[in-house]
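The values are calculated or read from the model by the stated rules, or taken from the named source; none is laboratory data. Since we're looking at a predicted model, the values are computed, not measured. Glycine also receives a Cβ, built like all others from the backbone with ideal geometry; neighbour counts cover every protein chain displayed.
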Amino acid sequence: MSQLLAQVKAEFIARVVAPDAGGRTVLASTLGLTAAARGGAQASLGCVYRNPGGTMATPG
């Protein structure tokens, strides 16, 4: 992981327009591989949590 992180940092520095203007931090995520799926599920269920009755299908 540290080798990948070093390569990402080097590429970032090489491509940034103003490398010395402001701070930058490149970190490895500790959220795990399922973080995006869980976040998407939570976002899509947000309306259900806010108004459970409003998501019910109407017959017909």
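Of everything in the range 10-23, what is surrounded by fewer than 10 Cβ atoms within 10 Å (Cβ to Cβ) and either modelled with pLDDT of 80 or more or over 22 Å from the mean Cα position of the chain (by Cα) (or both)? Give them in sequence order.
Initially, the range 10-23 is screened for residues surrounded by fewer than 10 Cβ atoms within 10 Å (Cβ to Cβ), giving 14-15, 17-18, 20-23.
Result: Ala14, Arg15, Val17, Ala18, Asp20, Ala21, Gly22.
With the structure loaded, tell me whether Gly53 is part of a helix (DSSP H, G or I), at pLDDT 80 or above and surrounded by 10 or more Cβ atoms within 10 Å (Cβ to Cβ) or whether it fails that test.
Details: part of a helix (DSSP H, G or I): yes; at pLDDT 80 or above: yes; surrounded by 10 or more Cβ atoms within 10 Å (Cβ to Cβ): no.
No, not satisfied.
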* To do: Can you tell me which residue within the range 35-60, out of those that are farther than 30 Å from Leu4 by Cβ and aliphatic (A, V, I, L, M), is farthest from the chain's Cα centre (by Cα)?
  => Ala57
* To do: Taking Val26 as meeting all but one of (1) surrounded by 10 or more Cβ atoms within 10 Å (Cβ to Cβ); (2) of a type in the set (A, V, I, L, M); (3) not in a loop (DSSP other than H, G, I, E, B), write down the number of the exception.
  => (3)
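Can you tell which of Leu4, Leu45, Leu33 is in a helix (DSSP H, G or I) and exposed (fewer than 10 other Cβ atoms within 10 Å of the Cβ)? Spell out the reasoning first.
Values: Leu45 fails: exposed (fewer than 10 other Cβ atoms within 10 Å of the Cβ); Leu33 fails: in a helix (DSSP H, G or I).
Testing whether each residue is in a helix (DSSP H, G or I) and exposed (fewer than 10 other Cβ atoms within 10 Å of the Cβ) leaves just Leu4.
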* **Subset of the range 17-34 [hydrophobic (A, V, I, L, M, F, W, C) and either within 21 Å of Ser2 (Cβ to Cβ) or in contact with a His (Cβ under 9 Å, 6 or more places away or on another chain) (or both)]** => Val26, Leu27, Ala28, Leu31, Leu33
* What pairs can you find where one residue is in the range 39-56 and without any contact (Cβ under 8 Å) to a residue 12 or more places away in the chain, the other is assigned to a helix (DSSP H, G or I) and of a type in the set (A, V, I, L, M, F, W, C), and their Cβ atoms are less than 9 Å apart, with a gap of 6+ or different chains? -> Gly54/Cys47; Gly54/Val48; Thr55/Cys47; Thr55/Val48
